[in-house]
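This report refers to the structure that appears directly beneath it.
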Amino acid sequence: MSLFSTPFDPTRDTALVTGAGNGIGRAIALGLVGEGIRTVFADVSAERVRAAIDASERPGLAVPWVGNLASLDACDELLTSAHSALGEVTHFVHSASPPRREADHLLAVDRNIWQEMHAVNLDAGFHLARGLAKRLIAAKRPGSFLFLTSLHAGTPRNLAHYSTAKAAMAMLVKELAKTLGRYDIRVNALVPGAIAAGGFVADPALARHIPLGRLGEAGDLAPMALTVLSNKLSAYVTGAAFVVDGGLSLTNWFEAPVLD
């Protein structure tokens, strides 16, 4: 039997994907359902969730959930709903993030946008991961968590609220991986480059900075995500960050912003 023929066990594995309504989260959620995994599609938009599930190969395996993860009460509701629908959630992908606008630079971003960016990326990520981990530990079940961080966890982006939230997530991945490893729960990060998805509209001219010569698409991330999530293919991998950027991180193309 091929090593890659059965990366998951549909009789035991289940998944929760945040930000599953569009972009990278959607691509990963669709990939998991395609592998026969019952998956909660969580997103802030009911319309996007329905469209994503309708586009899946096996919509009967998809469970919709709609709510704003900037609220910890909503995070609690998601955990309750996911456990009610799936039992123990063995695979968790945190891809949800508020949209980012170039206008929200250091001197312009207001406190609500700052707080929401950190709440959805960091606070919700921590709260959901800890809640899922506690259940897995009690049940003595292995798990695999994946956080979508950013190249700008280590490189300024001219958007301080975004880059600091992603930098904190990158450290959270390491903290979770170190603590949860003894319980056979792996935690890793996927680091996208310039991906034309999830509301990000890149200038096509950016492709000249990318060694592979093109902007990325959400589908470019899904195969790596599923590989890292798989306890069969990546059993000895935790606390790692996998860059999928076409080589973009080999250079820093950003200039200092012009402040009005």
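Bear in mind that the values in this text are calculations on the coordinates, not laboratory data. Quick caveat, the model's predicted, so the values are computed rather than measured. A quick note on method: Cβ atoms are made from the backbone with ideal geometry, for glycine too, and the neighbour counts reach across all protein chains shown.
With bins 5 Å wide beginning at 0, the percent of Cα pairs of the stretch 14-250 falling in each bin runs 1, 7, 15, 19, 21, 18, 11, 5, 2, 0, 0. With neighbours defined as other Cβ atoms within 10 Å of a residue's Cβ, the residues 258, 63 order from fewest to most as 258, 63. Per residue of the chain, the DSSP helices (runs of n ≥ 4 H) give a summed -39500 (n - 2.57) that works out to -11500 deg cm²/dmol at 222 nm. The stretch 174-252 and the stretch 57-133 have their alpha-carbon centroids 18 Å apart.
For the stretch 14-250, lysine pairs separated by 8 or more sequence positions, or belonging to different chains, with Cα-Cα distances below 19 Å total 6. For the pair residue 205 and residue 137, the difference between a 0.36 nm per residue extended length and the Cα-Cα distance amounts to 19.7 nm. Of the DSSP H helices in the chain, those that are both long (alpha-carbon extent of 18 Å or more along the helix axis) and hydrophobic (Kyte-Doolittle mean at least -1.0) are 72-86, 124-139, 160-180. What residue among 99, 142, 59 has the largest mean-square fluctuation in a Gaussian network model of the chain, using Cα springs under 10 Å? Among 99, 142, 59, the largest GNM mean-square fluctuation belongs to 99. Each of 119, 152, 34 was scored by the projection of its Cα onto the charge dipole of the chain, and the greatest displacement toward the positive side belongs to 34; charges sit on the C-beta of Lys, Arg, Asp and Glu.
Remark: 126, 4, 92 ranked as 4, 126, 92, counting other beta-carbon atoms within 10 Å and listing the fewest first.
Under a point-charge model restricted to the Cβ atoms of Lys and Arg (+1) and Asp and Glu (-1), what is the dipole moment magnitude of the stretch 14-250 relative to its Cα centre, in debye to the nearest 20?
Details: 22 positive and 20 negative charges, 142 e Å.
It comes to approximately 680 debye.
Fewest-first ordering of 137, 210, 24 by other beta carbons within 10 Å of each residue's beta carbon gives 137, 210, 24.
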